[in-house]
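Q: Pasting a structure below so you can have a look.
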Amino acid sequence: MPGPSQRPLPIGAVLAGGAASRLGGAKATAQLNGRPLISYPLAALAQAGLEAIVVAKADSPLPPLEVALLTEPDEPAHPLAGVVAALGHAGSRGVLVLPCDAPFVTPMLLRVMAGAEKATAARSSGQVHPLIAFYPASALGPLESAVHDGVSATQALESLDPEWIEVPERETFNVNTRDDLACAEALLRQVRS
């Protein structure tokens, strides 16, 4: 369904191409409350009514997926490589990107971002989250240059003069270590009780 300006909604791209060295295994397949970690952002995208894809490297371990898989190049190893691949795939629609290790992003935030007209990203307690963001089609060239030049994901995002959406820290919580995974389990138990 077209957004307020009658443009098509962006594609939701869940990024799963990272090395996950601090977690000690693949993030996408790590189990959180009996489900693969990647299933949480995919479910949020579905609840927000957005078409979803997973973007990963060819050798990235993934659970069985019910959405399309887009393979990003192995090199360069840059946090925005998956964003660039997704933008190339999405064409004029742009992409709303999420990392596969963000289990608490809400469908409400995704619906707000999906209606953005320009680059828009989450920010919590002053921390910028360039991988919880909407990138319009026009961001492809600048992000390709940023990846080529080794510019950080945050600097690349900030160069787009984005809009910011302030969100609670819980919503941008991501799982990088086994301790983070245990913390996420505890947070899920709190929600259920």
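Bear in mind that the values in this text are calculations on the coordinates, not laboratory data. Please read all numbers here as calculations on a predicted model, not as lab measurements. All Cβ positions, glycine included, derive from the backbone under ideal geometry; neighbour counts span all protein chains shown.
Q: Pull up the DSSP beta bridges for the chain and report the antiparallel fraction as a percent, rounded to 5. Working shown, then result.
A: Details: 10 of 28 bridges.
Taking every DSSP beta bridge within the chain, about 35 percent pair in antiparallel fashion.
Q: Of VAL97, PRO142, PRO107, which is farthest along the charge dipole of the chain in the positive direction, counting Lys and Arg as +1 and Asp and Glu as -1 at C-beta?
A: In the chain, that residue is PRO107.
Q: Could you compute the net charge surrounding SER159? Neighbours are other residues with a C-beta less than 15 Å from the C-beta of SER159; K and R count +1, D and E count -1. Present the calculation step by step, with values, prior to reporting the outcome.
A: Working: positive: LYS118; negative: GLU144, ASP149, GLU158, ASP161, GLU163.
That sum, taken over residues with Cβ under 15 Å, equals -4.
Q: So what's the gap between the Cα centers of region 62-97 and region 113-182, to the nearest angstrom?
A: Region 62-97 and region 113-182 have Cα centres separated by 15 Å.
Q: Cα-Cα pairs above 27 Å in region 11-192: how many percent?
A: That fraction is 19 percent.
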